[in-house]
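The next block holds one structure in the form of structure tokens; read it before the comments.
The values are calculated or read from the model by the stated rules, or taken from the named source; none is laboratory data. Note that the structure is a prediction, hence the values are computed from the model and not measured. Glycine also receives a Cβ, built like all others from the backbone with ideal geometry; neighbour counts cover every protein chain displayed. Just so you know, the surface numbers come from the protein's heavy atoms only, side chains and all, with ligands and any DNA or RNA stripped out. Shrake-Rupley method; radii C 1.70, N 1.55, O 1.52, S 1.80 Å.
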Amino acid sequence: MSDPRKGGGQARARAAYSGHNRFLPYVVNRVTNRLNADFQAALRQRGMTLTHWRVLAFLEETDGLGVSALADYTVTDQSTLSRALQQMERRGLVERRAGAADNRFVEVHISSRGRALFAQMLPLALKLRDRALAGLTDADRDRLLELLSRILVNLQ
């Protein structure tokens, strides 16, 4: 005989599901894919990836991050990030140096060439952000970021 609690749970879940267009993971994924698609094309034209951009953006804000912190901030696994850093180092965009307090710790620093490339790409990133947020008031934008930040905290 089947467990009646199982069917009840499935029925409740089915009733709570209002379709993929109202399912948060699906909607967030669609938004992220759309935001990234146009920007990735512009990055590719400059021999960059989204990971390269994220590294430059975080180092522009906080230079000298360790590889682990950079992997966390850029939402990139360390092996992928290490390959990206090698490519970026060869292009003169970043430098890896021994940490000031501990030689075993490696800090990643943005170079002047990396800063220049970041500055070149920033207007495109801001234009994309503005396009995505068109029609929202400043209060809407602030509230959206606040809610997404709370969701992120909930999931950590």
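Observations, loosely collected:
- Only one of the listed residues (100, 69, 139) is among the small types (Gly, Ala, Ser) and within 28 Å of residue 30 (Cβ to Cβ). That residue is 139.
- Hits in the stretch 25-55 (condition: of a type in the set (A, V, I, L, M, F, W, C) and in contact (Cβ under 8 Å) with a residue 24 or more places away in the chain): 31, 35, 39, 42, 43, 48, 53, 55
- Residue match in the stretch 133-154 (condition: in contact with a Ser or Thr (Cβ under 6 Å, 6 or more places away or on another chain) and among the polar types (S, T, N, Q)): no
- Of the residues contained in the stretch 70-82, none is found to be surrounded by fewer than 16 Cβ atoms within 10 Å (Cβ to Cβ), under 21 Å from residue 116 (Cα atoms) and touching a Leu at 6+ places or on another chain (Cβ under 9 Å).
- For the stretch 33-50, the criterion of being open to solvent by less than 60 Å² (accessible area, probe 1.4 Å), at pLDDT below 95, in a helix (DSSP H, G or I) and polar (S, T, N, Q) is met by at least one residue.
- Residues that are of a type in the set (S, T, N, Q) and within 25 Å of residue 42 (Cα to Cα) were ranked within the stretch 99-156; the one that is least open to solvent (accessible area, probe 1.4 Å) is 111.
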